[in-house]
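K.L.:
This is the structure I have questions about; it appears just below.
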Amino acid sequence: MREPVELRRRRILAVVRSRGSARVSDLADELKVSVVTVRRDIEELERAGQLVRGHGVVRSVVPIQRAAPEAVPEDGHTVALMVPERHSYLFETLHGARTVLEEAGLRIALHIVPRRAAAERPMVEAALAGGASGLLIAPNWRSLESEEADYGWLAELDVPTVLMERRPRPGSRLHALDSVCSDHWYGMHLAVDHLISLGHRRIILAVRDDSPTARALRAAFIEIAVTRTEVEDWTVVLSSPEAGPDLSAGPVYPALDLPALLAERGSTGVVLHGDVDAVIQVQRLAEAGLRVPEDCSVVAYDDVVAALSSTRHTAVAPPKTQIGAAAAELMLYRLGRLAEDAGESATEPVRRVELLPELKVRGSAQAPAKSR
């Protein structure tokens, strides 16, 4: 049954007001209607003075109403924000953190960490020497070995520290450090379950293998594929030869020749991490004469550029911006507790926050040909 026009427009208005802005294509996906329909609704809402249109984007005319953060003293707190260079995924997380911190009146010191071994430590030490009273960090852990090498000095920092999109090894020295992370097991569950629901029984995971997220996704996929009786065949490969295998995380998988692997395994569904690699691999499928989704269904993971591909990719979307915002709110809480305790460490329990990704269903996955 078709949703009444006025109800749909109220939903659009509520979504845009809650977020401040939204992409027209995302609204169409969420409301399960065409982009043309959403554009017509937005035009009417704009005529009524309730929304403002941009190029592919609609914005609220009402400021976002945010809950007031816990009071933080106006004593010149500076929070250092550290993310790896050339990492668009984490840049979205950074923007979420920045918004919360700036609204709370804190000074922000942004540091872009070069992609070389052990680059974070000297930058963190310099930031703390420069007066930073808190640290939000997404370390560039390209292997388990590099991750564990950072455990010692990070655990010994004497300022509130919150890890973003990083979950240290259970039982490690950083296990009891505040962290905010996407539930990537659930994200992989969404991807595999979607393919299974469409009738796919032979599935490939192509993963970068050079980040904590990649290693979490690989472990989750193997666990899920083994336990889901519907899956008849599965395999894991590198999504990009440039990513390099993490030798410390397990077996080395060959670089991806996706067209050949699909033929060899008889696979019809692929989960690709990240979605920049997904766009590249779909182009290579086309060069080999394979169509998406007719010959191969694709689910991308990250949803940074998945919606911009010529075939808009169905994608798992971790809550990147919200991860940064939640990490910043946790930092505000820690700084507020420090003020209450007259400079002594907050005694509240460590918080390990997980936010669930969502599946954005677009046009790159459908039932395999033999079941249609």
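The values are calculated or read from the model by the stated rules, or taken from the named source; none is laboratory data. None of these values were measured; they are calculated from a predicted model. Cβ sites come from the backbone with ideal geometry, for glycine too, and all protein chains shown count toward neighbours. Remember, those area values only see protein heavy atoms, side chains included, never the ligands or the DNA or RNA. Shrake-Rupley method; radii C 1.70, N 1.55, O 1.52, S 1.80 Å.
K.L.:
For the chain, with every protein chain kept in place, what is the accessible area per residue (1.4 Å probe, Å²)?
P.N.:
Ligands and nucleic acids excluded, the figure is 47 Å² per residue.
K.L.:
Check cross-link reach from Lys320 to the lysines: straight Cα distance under 27 Å, and skip same-chain residues fewer than eight apart.
P.N.:
Lys32, Lys360
K.L.:
Turning to a different aspect of this structure: Towards the positive end of the charge dipole of the chain, with charges on Cβ (+1 Lys, Arg; -1 Asp, Glu), say which of Met188, Ala132, Ala28 has the farthest Cα.
P.N.:
Comparing the listed Cα positions along the dipole, Ala28 ranks first.
K.L.:
To check you understand DSSP bridge types, tell me what percent of the beta bridges within the chain (both residues inside) are antiparallel, rounded to 5.
P.N.:
Percentage antiparallel, nearest 5: 20.
K.L.:
Counting only protein heavy atoms and using a 1.4 Å probe, what share of the accessible area of the chain belongs to carbon plus sulfur, as a whole percent?
P.N.:
51 percent
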